[in-house]
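Below is one structure; the comments refer to it alone.
Bear in mind that the values in this text are calculations on the coordinates, not laboratory data. As the structure is a computational prediction, the values presented were derived from the model and not from experiment. Glycine also receives a Cβ, built like all others from the backbone with ideal geometry; neighbour counts cover every protein chain displayed.
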Amino acid sequence: MLELEHSVNAPVASEPLQERRASGLRRRIRPGETFIQILLFLCACVSIATTFSIVIVLSREALSFFTEAGVSVGQFLTGTTWRPGAGHFGVLPLVNATILTSLIAMLVALPLGLGAALYLSEYASARIRGVLKPTLELLAGIPTVVYGYFALTFVTPLLRRVLGAETVQIYNMLSAGIVVGILITPLVATLSEDALSAVPDGLRNASFGLGATRWETAIKVVFPAASSGVIAACMVAMARAMGETMVVALAAGASPNLSLNPFEPAETMTGHIARISGGDLSYGTIDYQSLFAIGLLLFGMTLLLNILSRWVVRHVREVYD
């Protein structure tokens with residue numbers, strides 16, 4: 001009976017000891033960690049403040065443009081003629097050239113980038129991957145002005161020699177799109193390879209155990225499992241292609257042209273901004289303020305792509321335990 005009473009009362013007697021142990025596990029204040037946390041928080045605040053500042057500046061100048069030029073947003077977005085000197089502010093030719101060169105770039109970058117990602121993730125050994133991946137990423141470190149002159153002095157003459165000088169103009173959207181595609185290939189390859197490598201090896205081993213080949217495993221198991229990351233990589237690459245400046249400024253042409261023919265010259269949004277802002281524009285003029293309206297529209301297009309990529313990642317993502 002005494003042993004039973006002792007065993008019943010034992011946990012009660014040990015509660016103060018547990019409380020003392022729990023009190024000893026309380027979080028200690030570390031000044032160094034607190035300082036680092038505050039510093040990182042300030043870095044995040046600076047990034048957010050910078051983004052909002054850019055939007056505010058673009059919006060203010062764009063509002064001044066619409067007010068002083070007497071152009072409505074609808075006329076700006078649907079107009080087919082861009083001649084600021086003559087009072088025509090239809091941005092559609094610039095948007096058309098931007099989207100067309102970006103689509104050509106994606107047609108080049110997706111097969112090359114996804115093929116490289118699949119090889120690095122599923123076929124290459126650790127030694128080969130350690131050599132090929134840094135080499136591939138070196139393409140992202142080449143200045144874009146070099147890509148621009150590469151498009152103008154190599155790709156365009158090659159296209160004119162193959163397709164005919166009468167068909168391909170000296171300045172054309174096809175050459176610019178191809179080189180922009182080469183430029184964004186490392187981005188597609190690196191992000192896609194990271195997504196493919198994140199797929200658990202258990203899925204691969206299960207596929208091999210069912211008799212699937214390495215190619216069938218890569219295409220029917222690994223790639224669908226990493227589809228959210230791959231789609232997000234493609235969206236980021238598309239936004240990068242739309243924001244490219246030097247390649248399209250040097251190779252695509254300097255005349256706003258509403259055309260779906262990639263062999264013809266056309267000026268993109270970024271190319272127009274680079275060309276006009278480098279001239280003798282007076283501050284506060286209509287031409288000067290129109291650049292901010294174009295920049296705000298380009299910002300909205302890239303923001304829409306980023307939002308779409310986040311939505312895709314959130315709804316398509318596979319979660320593994």
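What shape does segment 107-147 take by its C-alpha gyration tensor, where a ≥ b ≥ c are the square roots of the eigenvalues and a/c under 1.5 counts as rounded, a/b above b/c as prolate, and the rest as oblate? Oblate, because a/c is 1.5 or more while a/b does not exceed b/c.
Just so you know, the averaged projected area of the alpha carbon convex hull for the chain sits at 29.3 nm².
Which is the longest stretch in the chain that no exposed loop site breaks, taking sites as chymotrypsin sites (Phe, Trp or Tyr not before Pro) with a DSSP loop state and at most 14 other Cβ atoms within 10 Å?
On the way: sites that count: TYR283, TYR320.
Answer - 1-282.
Once the piece of chain linking TRP311 and VAL162 is laid out straight, how much longer is it, given 0.36 nm per residue of separation minus the C-alpha distance between them? Walk me through the intermediate numbers first.
Details: separation 149, 0.36 × 149 = 53.64 nm, distance 4.20 nm.
Using 0.36 nm per residue and subtracting the Cα-Cα distance, I get 49.4 nm.
Axis of helix 92-118 versus longest Cα principal axis of the chain: the two differ by about 50°, to the nearest ten degrees. When you filter the GluC sites (Glu not before Pro) in segment 68-168 for DSSP loop state and at most 13 other Cβ atoms inside 10 Å of their Cβ, you are left with GLU166.
Please report the relative contact order for segment 93-316, taking Cα pairs under 8 Å with a sequence separation of at least 6, and give it as a percent rounded to a whole number. Before the final figure, lay out the partial values.
Details: 328 pairs, mean separation 69.4, N = 224.
Relative contact order for segment 93-316 comes out at 31 percent.
Placing unit charges on the Cβ atoms of the charged side chains and taking the dipole of segment 93-316 about its Cα centre, the candidate lying farthest along the positive direction among SER227, GLY300, LEU159 is SER227.
With a sphere of radius 13 Å drawn around the Cβ of VAL91, what net charge do the other residues whose Cβ falls strictly inside it have (Lys, Arg +1; Asp, Glu -1)? Walk me through the numbers before you get to the answer.
Numbers: positive: ARG83; negative: GLU267.
Net of charged neighbours comes to 0.
The slack in the chain from TYR119 to ASN261, taken as 0.36 nm per residue of separation less the alpha-carbon distance, amounts to 47.7 nm.
The phi torsions of segment 33-40, fed into the Karplus equation with coefficients 6.51, -1.76 and 1.60 and a -60° offset, translate into couplings of 5, 5, 5, 5, 5, 5, 5, 5 Hz, rounded to whole numbers, with Gly and Pro shown as x.
To test your reading of the geometry: what angle, between 0 and 90 degrees and rounded to tens, separates the Cα axis of helix 286-316 from the longest principal axis of the chain? Its long axis makes an angle of about 40 degrees.
Computed from backbone phi with θ = phi - 60° and the Karplus coefficients 6.51, -1.76 and 1.60, the 3J(HN,Hα) list for segment 131-145 is 9, 6, 5, x, 5, 5, 6, 5, 4, 6, x, 6, x, 5, 5 Hz; x is used for glycine and proline.
With only Lys, Arg, Asp and Glu charged, each at its Cβ (+1 for the first two, -1 for the last two), find how big the charge dipole of segment 93-316 is about the Cα centre; round to the nearest 20 debye. Intermediate values should be presented prior to the final figure.
Details: 12 positive and 12 negative charges, 113 e Å.
Roughly 540 debye, rounded to the nearest 20.
Converting the Cα gyration tensor eigenvalues of segment 75-181 into ellipsoid dimensions via √(5λ) gives semi-axes, longest first, of 35, 18, 13 Å.
Tell me the net charge near VAL145. Cut-off is 15 Å between Cβ atoms, VAL145 excluded, with +1 for each Lys or Arg and -1 for each Asp or Glu.
Values: positive: ARG275; negative: GLU244.
Residues near VAL145 contribute 0 overall.
Amide H contacts of TRP82: GLY90, each under 5 Å away and 5 or more positions distant or on a separate chain (H built 1.01 Å from N in the peptide plane; Pro and chain starts excluded).
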